[in-house]
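Readers should treat all values here as calculations from the given coordinates under stated rules, not as data from a laboratory. Keep in mind it's a predicted model, so treat the numbers as computed, not measured. So basically every Cβ, Gly included, is an ideal-geometry build from the backbone, and we count neighbours across all protein chains shown.
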Amino acid sequence: MDWWKEADLNHDTELRNKLAKIIRVGHEGLYLRIYVIPKASRLEVIPENDELIMHVNESCKRHKVNQGIIKYFKKVFGDKAEVRIIKGKYERIKIIEVRGVTLAEAIESLMSHIARK
């Protein structure tokens, strides 16, 4: 196996393990803890410790950040997913509930959408 392919596999395994620690499985669905950084130059999601750091373009006015977060995760998880903010609507740290998606599906979907370090 070529060294760059092996490096990609190791990185994917590491990323998959990080996401498995970030996503919590509950009775009603999956739960994600997100730290939001508003007014960023670009939309970006980075896994860090036990949460996702999300840089969003929107400002905090009129719940535009919350609407942007929900729109983003609906895009990531697909039409079958139900996404809502259950905690932190007015704060930077938010808890997102996702229903209609399994843990494996959520990890694979997030892997294809998050920023690679």
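Using alpha-carbon pairs under 8 Å, 6+ residues apart, how would you state the relative contact order of segment 3-111 in percent? The partial results should precede the final answer.
Numbers: 177 pairs, mean separation 29.5, N = 109.
It rounds to 27 percent for segment 3-111.
The lysines whose alpha-carbon is closer than 20 Å to the alpha-carbon of residue 64, local same-chain residues fewer than 8 away aside, are 39, 74, 75, 87, 89, 94.
Taking 7 Å steps out from each Cα toward its Cβ at residue 48 and residue 82 produces label points 3.2 nm apart. Sum -39500 (n - 2.57) across every DSSP H segment of at least 4 residues in the chain, then divide by the residue count to get the 222 nm mean residue ellipticity, nearest 500. Taking each H run of at least 4 residues, the total per residue is -12000 deg cm²/dmol. What the phi angles of segment 34-50 give under the Karplus curve with 6.51, -1.76 and 1.60, with θ = phi - 60°, is a coupling list of 10, 9, 9, 10, x, 6, 7, 6, 8, 7, 8, 10, 10, x, 8, 6, 10 Hz, glycine and proline written as x. Suppose we look only past 22 Å in the calculated P(r) of segment 3-111. What percent of the Cα-Cα pairs does that tail hold? Within segment 3-111, distances greater than 22 Å cover 31 percent of Cα pairs.
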